[in-house]
Amino acid sequence: LPIRYGRNVPGKLISINQARTLWLWADHASLAIRSVTIDGQLTDGWSWRNDTDANGRAITVVQTVEQIDDGDDMVAVGDGALDADTGALLVNPADVARDLCRLAGLTVDRTDFASYRAECLARNLELSGTVEGGSLQSAMTRIAESTHSAFARQLAGYLRLLPLSAAASATISPDAVLRADLDGDIATRLRVRYGVEEK
């Protein structure tokens, strides 16, 4: 079942009742669900809540007023998992890594991740995405790849940011964007893909 971290995470809804009016978004409590689309079109007539499953575990669900047809693609966008101790939204890569360790049954301490957390704060790094299975090592490797970090099981906290020895080749400031061309509907999300490459 999906675990969602960060802000504005899109996630496909999974029907959990025969009437097709109750939908699972995440296998944990979440901060908020902001929008729901059916086959790409915004819809209303829904509400969300943090609930519990049959085993008493926290889940995030969306309730629709009307039955949704089988085969319709429903996606909700929201803010994901919360820190089990503080209730804060998990966005810092170190906090996400620590939560994944906790879910995997590892005994870890918040102080183990303090250095990595401070490094990520200094670079203003946040994570947003979904974990839908796989090993803890593969999830940690994904965090490392997306944050320009090194992953090592022998490190306390498992992760460290790699140094940025190369100067940035370009920056984009908000006032530098003069226009955007798009075929179709108005765009509401901008995704910029980037990488860090030595030399």
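Couple of notes before you dig in:
- Rounded accessible area per residue of region 31-71, 1.4 Å, Å²: 67 Å²
- Per residue, region 76-164 exposes 51 Å² of accessible surface when a 1.4 Å probe is rolled over the protein heavy atoms with every protein chain present.
- Across region 5-115, the fraction of Cα-Cα pairs farther apart than 21 Å, rounded to a whole number, is 41%.
- Spin-label model, residue 70/residue 12: points 7 Å from Cα along the beta carbon direction are separated by 1.7 nm.
- Förster radius 41 Å - calculated FRET efficiency between residue 142 and residue 53, Cβ distance, rounded to 0.05: 0.95
- Heavy-atom accessible area ranking, 1.4 Å probe, most first, across 61, 131: 131, 61
The values are calculated or read from the model by the stated rules, or taken from the named source; none is laboratory data. Bear in mind that the values here come from a model prediction, so they are computed numbers and not experimental data. Here the Cβ is made from the backbone with ideal geometry for all residues, glycine too, and neighbour counts use every protein chain on show. Surface areas here come from the heavy atoms of the whole protein model, side chains and all, with no ligands, DNA or RNA. Shrake-Rupley method; radii C 1.70, N 1.55, O 1.52, S 1.80 Å.
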